[in-house]
Amino acid sequence: MTAIQETAHESEHAQDHHHDHPAWLAHHFDDAEQQFDAGKLGMWLFLVTEVLFFSGMFCAYSLYRNRDPEVFEFCSRFLNEKLGAINTGVLLFSSLTMAWAVRAAQLKQHKLLVGMLGATLGCAAMFLGVKAVEYSHKWELGLLPGKFYVSQIPGAAHGEHGYLGSLCIVPLILTIIAGVYYIYSLATMSKFHQKVAGPILVAGACFFGGVQLGRILEAEETTHHAAEHAAHEHAPGTSHDHSQDHSAGELLPEKEGGEVIALGHKSIEDVKVMAEELKTPDASVNQKSMAGLFFSIYYCMTGIHAVHIIGGMLVITWLIVKAAREEFHDQYFGPVDNVGLYWHLVDFIWIYLFPLLYLIT
Amino acid sequence: MSVADRPIVSPASGDGSTYPEHHFLNHTSGFLSWALTLDHKRIGLMYLVGVMSSFALGGMFALMIRLHLWNFKDGWLSNQTYNQVFTLHGAIMVFLFIIPSVPAALGNFLLPIMLGTKDVAFPRLNLGSFYLWVTGLVLFLTALSITGLDTGWTFYTPYSIETQKGGAVLAATFGVFVLGFSSIFTGLNFIVTINTMRPPGMTWFRMPLFLWATYATSIIQVLATPVLGITVLLLSAERLLGIGIFDPKLNGDPVTFQHFFWFYSHPAVYIMILPAMGIISELMSVHCHKGIFGYRMIAYSSIAIALFGFLVWGHHMFTSGMADVTTIVFSALTFTVSIPSAIKVFNWLGTMYQGTVSLNTPMLYALAFIFLFTIGGLTGLPLGALALDMHLHDTYFVVAHFHYVMMGGTLVAFLGGLFHWWPKMTGKMFNETFGMISATIVFVGFNLTFLPQFVLGTRGMPRRYATYLEEFQDLHRLSTIGSLTLGIGLLVALLVLLHSLFYGRRAPTNPWGGATLEWVCSSPPPHDNFATAPTVGDPYDFNGIEYDAKQGGYVKKS
């Protein structure tokens, strides 16, 4: 090849790469549309694999629920549907903010995009905060998977084991780091770093907000149970001797006795059923070889769902960095769109988990 | 100006063949240029080295098994070690070799070139898949070195829950989990690439059949592997936390594990064989210099196998305890899979009819494939029949059957494909005579190893036993002699390929006379494959492709 030909080749090449291929278009794609289509199809396929991944557990759920429905009904009572409902709401709201973020990316509303991604991140953190309270509370009660399940005795004393504290360690460290980063961004007056650090710091705060919210609701539930318990004890026709169970802990009936009147009639009945079931011999499900299986499924499903939430938070953080650099525009918003799809799926799976686990009684 | 802009093809000195001065192998150099490469060709070659090493390891375990079985008792391994050896043989061969062999190694190299694109849709994900594969390999080696896994490659509960080798089970199941994701991402990448990046003129029915087979394989990889992922994850949780889902003591159900496991692992059988069938479709057509017979039927049958493959997992469990009706349904569905497989075999034979057969190394391997795969497929039918399976389940008949399909099928096709595309990958021609000798030894050795095992199985020799009755000793010895012959054949094949790297003559662009796109770009291909997407026509139109003695290969005469 002669020098002239080579130069021609070079200029052609230069044109090829610099004219048709802006930085956001990978070199092996012909145009923005092809890149977008490839990304979108890839994400949909990935979502298919995610659905199949969860389908194994949904299969196990339906098999065992079909075989031992009484185990599922019994155990589901230990799940706090208020916390579940709040988390459902939080996730639904985060889907809204995520969808809004996609629109903002398309319309080049960079500030709004960072805000919406931040809101989504915050909701995710809040979800995990509430989840942390739920998990730690169950661990304290001995509601553990499989062979670790502890048979439940009504009104038994449960000490604080500090599980919640341990669960909060990593989020606390991350929040502190985000705080330091935010201060650094203020000190250097860097708009970019402020846009990144702000949402992350808010998300950290949201986690602890979630924890606080969860604790309030969980405490209410406990109080409420204990109170009903007291009412139940004094009700005519039931003569179980529970007094030895009330020796210590948060379940002291005397303390909460005054609140009984405030509670509805229905919930008192609920607790009656529960206390009876726990005491009657045919409540044979209250043992590790029965109830343990429900909690195995509960922890596997919600645990792996939580891992997906954490994964989602990581990619949303990556999007925030890109959004703070104002990289997205009407030709290039694939990443936001695709992470949005993923986020909706994670939300969607929770929409199934919530009724299947919390609302079966 | 980057190095990529140098002339792609220039006349080489001496033999007058076209040999590129600049290609993907010397595009950049240094360790990191390979370790961090996003080039599908380099990733394919790294996979190739990886899967071949795994194959060597698994093959060594196979020889250990065969040597142990030389005498009917007091073999040279302890019973405990024997268990570990057959487990690792199975696990390494299945998860580290066969599943990634054709799609990840050859597929990665060929798919974008056959499609006329610069790369797969997600090059970073592709590299990520490779490193996931490496991680899986490391975890397997960990399982091997800590205590040795002894559950069988299937990890059946309750063995896997109760075995003392807990750490090994955890490492291996996590390895399987990671390898599963490697496989999923490869499949996802291929589906997206084929769907969105075909060049102008390449409609679905103008794709090379290798791509159809890869596409069908990818569908299975994407749809089946996640279920294996969750299964092994639950198994790890079972070991770590005693969650009891598969443990009858905690009200779990071990048969559920088998259902979950085979829901993946049966379709996985088609992950192993479908790409091999794709290779054979290419080899048959190119080396017979004749358009493929029944193109559409071969393409459809690949998809049909992929779909039917999802419905037959129960035939691994006829003796595990299922309702009678369920077993009958699974048995009936199993027979349906034989239809698309048979369609392919008839079409390959139809392609050879009145073709101009070049009897060279790839073609010999392809012929061996058809012979061995047919035996493997036909012996599957008695296993799918309920009454016979009761007798043959877990005997050497099953062992021989799946080795005829997996090894006689996939491995032989893989070798055929490797010899076929070797000039394209490395730019070097191998020694044809020794290549053909290797194919012959492999074919003879293979049959000598596994034909006696059919007889052993029907006479009641159970699989996985470390000792056996004296009456089986002669057949076992025949099988062991066969396995050593097979080993020698494979060694010859390896030496032929290695020899070609150093002493082989330079490969022409189109040494065999193929009409698909990979034979249009130079051997080895340039870094970016094609400067612009080529326009393509029928991949099996051999009109005008003629041998040119000056180039030592075929050229398109218009």
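For this structure, a couple of remarks:
- Relative to the compact-globule estimate of 2.2 N^0.38 Å, the Cα radius of gyration of segment B:3-556 comes out at 0.96.
- List of segment A:27-55 residues, accessible area with partners at least 40 Å² below that of the chain alone (1.4 Å probe): A:His27, A:His28, A:Gln34, A:Ala38, A:Leu41, A:Leu45, A:Phe46, A:Thr49, A:Leu52, A:Phe53
- Positive-end residue of B:Pro462, B:Leu448, B:Leu498, charge dipole of segment B:408-555 with Cβ unit charges: B:Pro462
- Solvent-accessible surface of protein heavy atoms, probed at 1.4 angstrom with all chains present, puts A:Leu107, A:Leu141 in the order A:Leu107, A:Leu141, largest first.
- A crude spin-label estimate for the pair B:Phe205 and B:Thr532, with each label 7 Å from Cα along the Cβ direction, gives 2.9 nm.
- Efficiency of FRET from Cβ geometry, A:Arg103 and A:His161, R₀ 35 Å, rounded to 0.05: 0.15
- Radius of gyration and Dmax over the Cα atoms of segment B:268-349, both given in Å: 15.3, 51
- Take the Cα of B:Gln164, step 7 Å toward its Cβ, do the same at B:Ile481, and the gap between the two points is 3.9 nm.
- Between B:Thr395 and B:Arg463, the built amide H atoms are under 5 Å apart, and every one of these is 5 or more places off in sequence or on another chain.
- Its alpha carbons considered, the protein assembly as shown gives a radius of gyration followed by a Dmax of 31.4, 109 Å.
- Only the Cβ atoms of Lys and Arg (+1) and of Asp and Glu (-1) were treated as charged; on that basis the dipole of the protein assembly as shown about its Cα centre amounts to roughly 2180 debye.
- Ranked order, B:Met272, B:Met407 - accessible area, probe 1.4 Å, largest first: B:Met407, B:Met272
- Contour minus Cα-Cα distance for A:Leu96 and A:His21 (0.36 nm per residue): 23.7 nm
- Rounded percent of accessible protein surface that carbon and sulfur make up, chain B, 1.4 Å probe: 68 percent
- The gain in end-to-end length when the B:Asp474 to B:Asn195 segment is fully stretched comes to 95.1 nm, 0.36 nm per residue minus the alpha carbon separation.
- P(r) weight above 18 Å for segment A:36-100, C-alpha pairs, percent: 67 percent
- For segment B:211-226, 3J(HN,Hα) computed residue by residue from phi via the Karplus equation (6.51, -1.76, 1.60; θ = phi - 60°) reads 6, 4, 5, 5, 4, 4, 4, 4, 4, 5, 4, 6, 8, 9, 4, x Hz, glycine and proline entered as x.
- Rolling a 1.4 Å probe over the protein heavy atoms gives chain B an accessible area of 35 Å² per residue.
- Pair B:Asn79, A:Ile177: separation of 7 Å Cα→Cβ label points (nm): 5.3 nm
- Rounded Å value of the spacing that divides the Cα centres of segment A:116-154 and segment B:63-92: 48 Å
- Here segment B:3-556 is treated with +1 on each Lys and Arg Cβ and -1 on each Asp and Glu Cβ, and its dipole about the Cα centre works out to around 560 debye.
- Amide hydrogen proximity for B:Gly553: with H placed 1.01 Å from N in the peptide plane, the residues at 5 or more positions away or on another chain lying under 5 Å are B:Asp548.
- The packing ranking, built from the mean of other Cβ atoms within 10 Å per residue, places the peptides A:309-315, B:413-419 in the order B:413-419, A:309-315, highest first.
- Residues of segment B:342-357 with amide N under 20 Å of a point placed 7 Å along Cα→Cβ from B:Ala549: none
- Those lysines that a straight Cα-Cα span of less than 24 Å connects to B:Lys556, excepting residues fewer than 8 apart in one chain: B:Lys118, B:Lys290, B:Lys424, B:Lys428
- Nonlocal amide H pairs with B:Lys428, under 5 Å, H built at 1.01 Å: B:Ala507
- The alpha carbon convex hull volume per residue for segment B:171-241 rounds to 70 Å³.
- Buried surface for the B/A pair, taken as the accessible area of each chain alone minus that of the pair with a 1.4 Å probe, is close to 3500 Å² in total.
The values are calculated or read from the model by the stated rules, or taken from the named source; none is laboratory data. What you are looking at is a predicted structure, and each value in this text was computed from that prediction instead of being measured. Quick reminder, even Gly has a Cβ in these numbers, built from the backbone with ideal geometry, and neighbours come from all protein chains shown. Ligands, DNA and RNA are excluded from the accessible area calculation, which covers all protein heavy atoms including side chains. Shrake-Rupley method; radii C 1.70, N 1.55, O 1.52, S 1.80 Å.
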